[in-house]
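Worksheet: one structure, shown below.
The values are calculated or read from the model by the stated rules, or taken from the named source; none is laboratory data. Worth saying up front: this structure is predicted, and the values here are computed from it rather than measured. Here the Cβ positions follow ideal geometry from the backbone for every residue, glycine too, while neighbour counts run over all protein chains shown.
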């Protein structure tokens with residue numbers, strides 16, 4: 001389904017069922033990543049033509065099985081590009097040092113182009129905290145004129161649902177108590193708020209999400225959940241019975257719906273800050289980021305797990321594309 005809307009200074013378009021080839025000639029840079037999930041190559045291989053220059057972000061790992069899988073997926077991506085270059089990062093949990101590397105890599109590409117970039121980025125298997133950093137840094141520093149994101153939806157139908165229930169310490173995707181991390185370039189104008197409303201996108205790790213929400217003590221809490229969601233919902237249902245809590249359900253790939261709702265939620269809030277917790281799907285996190293670019297009273301926080309769990313969720317076959325353009329940047333239209 002195709003939708004479009006202006007949010008703040010950005011023009012946002014999404015197609016949650018990509019069915020035709022993408023014109024790769026309009027991009028200065030195509031980014032992807034490899035992980036242990038087989039769907040990490042699906043969207044890139046479905047583009048319809050070879051990518052002239054593909055930059056693949058690759059996190060360091062100490063697990064031999066993980067490293068072998070990534071090497072195999074690099075080989076797959078090589079067949080979709082005439083020139084593949086790996087951009088090496090540290091371990092995914094080494095956030096601060098990786099941010100410096102990412103900013104340097106993007107800044108170098110901007111210097112080579114001599115203008116803001118038009119970028120296509122496959123976010124399927126890249127952590128939400130890094131996606132949001134690239135979004136905020138790219139537009140707030142004037143590095144990006146246009147950012148288009150691809151997302152290959154996962155197929156949970158064949159996954160053993162008992163592994164998705166999770167506890168307060170272990171979820172299907174991560175392990176250990178979550179720490180919280182404010183995303184650079186998405187800090188609110190009021191650094192120490194006296195009051196806050198909270199907006200949270202929820203995915204499958206409900207057992208870890210509920211205590212993560214509760215420590216923020218919101219005046220109002222709105223929960224954005226996924227239609228046809230998986231995992232244990234008992235704790236979430238208890239939370240939803242609280243008098244200050246409300247809920248909306250959106251499709252897992254609906255970034256624009258999340259962006260539109262979140263921007264309006266922040267606009268009408270009477271509290272010092274709206275804290276957005278990006279816990280659910282990557283398109284939903286992208287939607288929060290778009291809204292936060294438009295609303296200065298909105299901050300974004302991500303979880304920091306002790307470690308990620310190697311779990312392969314195959315591609316469902318559905319690919320979403322999300323086009324984000326700065327309407328006041330002339331290079332977005334060249």
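Per-structure values
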{"quantity": "Restricting region 187-206 to residues that are buried (at least 22 other Cβ atoms within 10 Å of the Cβ) and without any contact (Cβ under 8 Å) to a residue 60 or more places away in the chain, the residue that is nearest to the chain's Cα centre (by Cα)", "calculated": "204"}
{"quantity": "Strands (runs of 3 or more DSSP E) completely within region 12-98 that count 3 or more residues being at pLDDT below 95 and in contact with a strand residue (DSSP E or B) (Cβ under 9 Å, 6 or more places away or on another chain)", "calculated": "none"}
{"quantity": "Any chance residue 115 is surrounded by fewer than 21 Cβ atoms within 10 Å (Cβ to Cβ), at pLDDT 95 or above and assigned to a loop (DSSP other than H, G, I, E, B)", "calculated": "yes"}
{"quantity": "Candidates 222, 241, filtered to the one that is touching a strand residue (DSSP E or B) at 6+ places or on another chain (Cβ under 7 Å), assigned by TED's automatic domain parsing to the domain that holds residue 253 and at pLDDT 85 or above", "calculated": "222"}
{"quantity": "Residue 290 being buried (at least 19 other Cβ atoms within 10 Å of the Cβ), within 12 Å of the chain's Cα centre (by Cα) and within 22 Å of residue 194 (Cβ to Cβ)", "calculated": "no"}
{"quantity": "Selection within region 99-120 - under 24 Å from residue 66 (Cβ atoms) and out of contact with any helix residue (DSSP H, G or I) (no Cβ under 7 Å at 6 or more places or on another chain)", "calculated": "100, 101, 105"}
{"quantity": "Subset of region 42-66 [under 27 Å from residue 100 (Cβ atoms) and surrounded by fewer than 15 Cβ atoms within 10 Å (Cβ to Cβ)]", "calculated": "53, 60, 62, 63"}
